[in-house]
1. So how many residues does the stretch 51-89 have that are open to solvent by 30 Å² or more (accessible area, probe 1.4 Å) and of a type in the set (A, V, I, L, M)?
2. Restricting the search to the stretch 57-81, which residues are within 13 Å of the ligand (Cβ to nearest atom) and free of Cβ contacts under 8 Å to residues at least 60 places away in the same chain?
3. Identify all residues within the stretch 406-428 that are over 24 Å from residue 474 (Cβ atoms) and free of Cβ contacts under 8 Å to residues at least 12 places away in the same chain; write none if there are none.
4. Filter the stretch 363-395 for residues that are in contact (Cβ under 8 Å) with a residue 24 or more places away in the chain, of a type outside the set (S, T, N, Q), assigned to a loop (DSSP other than H, G, I, E, B) and away from the ligand (no atom under 15 Å from the Cβ) and give the result.
5. Going by the structure shown, is residue 106 open to solvent by 50 Å² or more (accessible area, probe 1.4 Å), in contact with a Ser or Thr (Cβ under 7 Å, 6 or more places away or on another chain) and either part of a loop (DSSP other than H, G, I, E, B) or not hydroxyl-bearing (Ser, Thr, Tyr) (or both)?
6. It is to be established whether one or more residues within the stretch 446-456 are under 20 Å from the mean Cα position of the chain (by Cα), open to solvent by 60 Å² or more (accessible area, probe 1.4 Å), modelled with pLDDT under 90 and within 28 Å of residue 213 (Cα to Cα).
7. For the stretch 169-183, check the following and say yes or no: at least one residue is within 16 Å of the ligand (Cβ to nearest atom) and open to solvent by 50 Å² or more (accessible area, probe 1.4 Å).
8. Out of the stretch 30-69, which residues are within 16 Å of residue 245 (Cα to Cα), in a loop (DSSP other than H, G, I, E, B) and not aromatic (Phe, Trp, Tyr)?
Amino acid sequence: MNSSPEHLDVLIVGAGLSGIGAARYLQARCPRVSYAIFEARDAIGGTWDLFRYPGVRSDSDMFTLGYSFRPWQSPQVIAGGDAILTYITDTAAETGVDGRIRLGHQVVRASWSTGEARWHIVARRTDTGETVEITCGFVFSCTGYYRYDRGYLPDFAGMDRFGGMIVHPQSWPSDLGYAGQRVIVIGSGATAVTLAPALAETARHVTMVQRSPTYIAPLPARDPIAEAVGRILPPRQAGPAMRWFKALTTQGFFQLSQHRPELVKRMVRRQISRHLPAGYDVDTHFTPRYNPWDQRFCIAPDGDLFKAISNGSVSVVTDHIDTFTERGLLLKSGDELEADIIVTATGLELLFIGGIELCVDGEAVDIASKLVYKGMMLEGVPNLAVAVGYTNASWTLKCDLTCNYVCRLLNHMQATGMRQCTPVNRDGSVSGRPLLGLTSGYVQRSAHRFPKQGSRFPWQVHQSYLRDYRALRLRGIRDQAMVFSNQG
Ligand SMILES: Cc1cc2nc3c(=O)[nH]c(=O)nc-3n(C[C@H](O)[C@H](O)[C@H](O)COP(=O)(O)OP(=O)(O)OC[C@H]3O[C@@H](n4cnc5c(N)ncnc54)[C@H](O)[C@@H]3O)c2cc1C
């Protein structure tokens with residue numbers, strides 16, 4: 001006998017920082033909604049469980065990377081990966097969300113049926129390979145933005161000739177011994193900038209090889225303002241106060257970078273020069289060709305990278321790689337670098353909604369041809385929201401707003417008896433542009449696989465907490481683009 005599959009009101013996909021936050025929002029704001037979290041891996045935490053390289057840490061402040069409902073309490077503004085993972089798992093345990101997580105469930109397909117007003121979900125059990133089918137009224141994708149099975153690795157010539165070890169930070173071997181070894185780190189992004197000083201603590205020497213420089217700002221790892229606020233205000237007020245303070249100052253710095261790039265370039269250069277030995281070639285190694293915030297800004301907590309350069313344990317080489325050799329790297333300049341270990345901190349492979357195949361009423365959804373609605377839903381795709389954070393501020397700032405909005409949307413549908421909400425673009429003058437407005441290589445490489453944002457709200461993505469706060473928290477749910485239908 002064929003029994004009908006399990007039905008849930010909401011399926012959250014992914015048990016990382018966003019998925020746990022989304023579940024807590026549902027529990028608090030939509031207590032009657034039934035839900036589960038399907039997580040492909042055998043652990044929660046997402047990014048903060050996957051990445052295990054030495055020194056892994058946040059590169060934005062924890063007051064805004066933490067949840068609004070559970071403010072980050074420590075004055076440690078930049079936190080290590082372990083501390084962030086503990087924060088996520090503690091949140092899941094304290095809120096009881098952990099009981100709703102089904103590990104080892106990778107969602108592979110979601111097919112919407114307007115007739116039934118529900119999604120048919122197909123998931124694969126990653127332990128047994130079995131197929132699991134359920135139905136749900138709404139899908140909330142909290143799948144992050146990159147592939148978990150592999151990082152990005154350019155096709156460097158001669159990699160197979162290298163006699164030492166090649167390691168990608170996304171799959172760091174827990175037993176990799178680098179003490180006393182000569183290490184080359186290829187890359188100039190947040191991962192390379194984090195890894196180089198961390199490895200240099202015990203390695204014989206670390207050379208960071210970059211094709212071109214990145215903006216790096218030295219910042220105190222503990223925030224003196226947070227410490228002062230923590231002394232003056234009770235924890236219930238200190239958390240939100242610090243979150244707003246950081247959200248606004250980060251936004252202010254971004255705006256300054258957009259409007260006065262030359263001023264910001266000078267400020268950053270002056271600060272970096274102060275941390276480096278006299279006569280250091282800042283122009284070659286730390287003066288990017290792009291404007292501040294055209295790509296994500298890196299930080300060096302307490303100037304760790306610059307300290308390591310100053311004490312000689314790290315050197316930076318700005319050059320192009322010609323080929324790997326038996327002993328290291330041959331650079332385009334003709335210089336050769338020797339190493340025992342080469343770390344390819346060459347980035348992520350971006351992926352939208354965890355690679356889930358979407359289908360609406362029997363038709364496959366071509367994600368790349370769709371506009372995003374309010375940075376969280378897809379044009380023409382009913383009852384599906386996606387947690388996508390900011391590129392110019394902490395991810396959670398936006399995801400918190402998205403979670404709150406989804407709860408309001410679900411409550412509105414329940415109150416009006418509508419079973420379907422579909423963003424529809426009726427404005428022919430709205431043109432599409434890339435969703436993630438950064439010029440970084442990893443963003444450019446995958447832009448064609450991502451949906452677009454439009455030239456006007458609600459299709460435009462603000463990348464501004466203040467504007468989104470107004471649009472998503474303070475304004476109503478109903479607008480001309482959102483169609484509520486399918487009354488039950
Ligand atoms: C090294 C590193 C440092 C970072 N530092 C910062 C920072 O300081 N500040 C900041 O704002 N951002 C940072 N980011 C971005 C970071 O990923 C986000 O801040 C945040 O962790 C994203 O949380 P998430 O839950 O949305 O996604 P993730 O952490 O990626 O979690 C997604 C989860 O979904 C699961 N999943 C994916 N697809 C499926 C599927 N089809 N079925 C079932 N489950 C699925 C994954 O297994 C994973 O557990 C960093 C990223 C990296 C890689």
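The values are calculated or read from the model by the stated rules, or taken from the named source; none is laboratory data. In this text, all values refer to a predicted model and were calculated from it rather than measured experimentally. Counting neighbours? That spans all protein chains shown, and the Cβs are built from the backbone with ideal geometry, glycine included. Areas reflect the complete protein model, heavy atoms only, side chains present, ligands, DNA and RNA absent. Shrake-Rupley method; radii C 1.70, N 1.55, O 1.52, S 1.80 Å.
1. Of the residues in that region, 1 qualify.
2. 58, 62, 79, 80, 81
3. 428
4. Hits for the stretch 363-395 are 370, 374, 379, 380, 381, 382.
5. Here the answer is yes, as residue 106 does meet what is asked.
6. Yes, some residue in the stretch 446-456 is under 20 Å from the mean Cα position of the chain (by Cα), open to solvent by 60 Å² or more (accessible area, probe 1.4 Å), modelled with pLDDT under 90 and within 28 Å of residue 213 (Cα to Cα).
7. Looking for residues that are within 16 Å of the ligand (Cβ to nearest atom) and open to solvent by 50 Å² or more (accessible area, probe 1.4 Å), one finds at least one in the stretch 169-183, hence yes.
8. Residues satisfying the conditions are 60, 61, 66, 68.
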